[in-house]
1. Could you give each residue of region 100-116 its phi-based ³J(HN,Hα) in whole Hz, using Karplus coefficients 6.51, -1.76, 1.60 with θ = phi - 60°, and x for Gly or Pro?
2. If packing is taken as the average number of other Cβ atoms within 10 Å across a peptide's residues, how do 53-62, 130-139 rank, most packed first?
3. Please rank V113, V50, V84, fewest neighbouring Cβ atoms within 10 Å first, as an exposure proxy.
4. Where does each of H30, H93 land when they are ranked from fewest to most other beta-carbon atoms within 10 angstrom?
5. Taking the dipole about the Cα centre of region 23-161, with the C-beta of Lys and Arg at +1 and of Asp and Glu at -1, give me whichever of S124, L135, Y43 is farthest to the positive side.
6. Translational D (Stokes-Einstein, µm²/s) of region 23-161 at 4 °C and 1.567 mPa s when Rh comes from the Kirkwood sum over C-alpha pairs?
7. Pop out the ³J(HN,Hα) list for region 68-79 in order, Karplus 6.51 cos²θ - 1.76 cosθ + 1.60 with θ = phi - 60°, rounded to Hz; leave Gly and Pro as x.
8. In region 73-113, whose amide N lies under 14 Å from the spot 7 Å out along Cα-to-Cβ of R63? List them in ranges.
Amino acid sequence: MRKTVFFILLPLVFLLAFGGTPQEKEGVDHSVLESGDNAALDYRKPTVEVLSDTKEYASFYTRLHSGRVPRPKQPQADFTAGRVVFISFGTQHTAGYRIELINVYLRGEILVVEAMINSPLKDSMQAQVVTHPYLLVFVPKTGYRRVELRDTKGETLAFKSL
């Protein structure tokens, strides 16, 4: 009897002593508000911005499309329920790039936005212009202290602490 209890408790003690089980992914309701390839914001590397109120969002959206006439209509966002997350993979040196949203989930106190950049086909003809692909994603307001952009391998490319 004592051996049985020992062999049941030993793995439990081991797990608690060495960090326990990995935190589970908890899916998060989200919606893509807008995607594009020509942000007027010149981020050179992957970037995350978190917009938490109407005024901040309106100002950011104006800067995002400062090079376009007429500027597109700003997508609606209910800031009593959520936030808008801007995702960029940085500067690209030809046309044909776009960001694909794979998943949005919570892992502990981190909201993970998992995405990948799709590049043009290797031998395809593309305009030789600088582009800035981006996504605007609406996410819930609570449950996290940090937002991370991760690639499909789980590597953190950019983050923003709240």
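1. 10, 7, 9, 6, 10, 8, 9, 9, x, 9, 10, 8, 9, 9, 9, 8, 9
2. On the way: 53-62: 14.4, 130-139: 21.0.
Descending packing order for the listed peptides: 130-139, 53-62.
3. Numbers: V113 25, V50 17, V84 22.
Ascending number of Cβ neighbours within 10 Å: V50, V84, V113.
4. On the way: H30 18, H93 10.
Neighbour counts put them in this order, fewest first: H93, H30.
5. Y43
6. Numbers: Rh = 15.5 Å.
Once the numbers are plugged in, D ends up at 84 µm²/s.
7. 9, 10, x, 6, x, 5, 5, x, 6, 8, 8, 6
8. 86-88
Each value in this text was obtained by applying a stated rule to the coordinates, not by laboratory testing. Predicted model only: the values in this text are computed from it and were never measured. Virtual Cβ from ideal backbone geometry, glycine too; neighbours counted across all protein chains shown.
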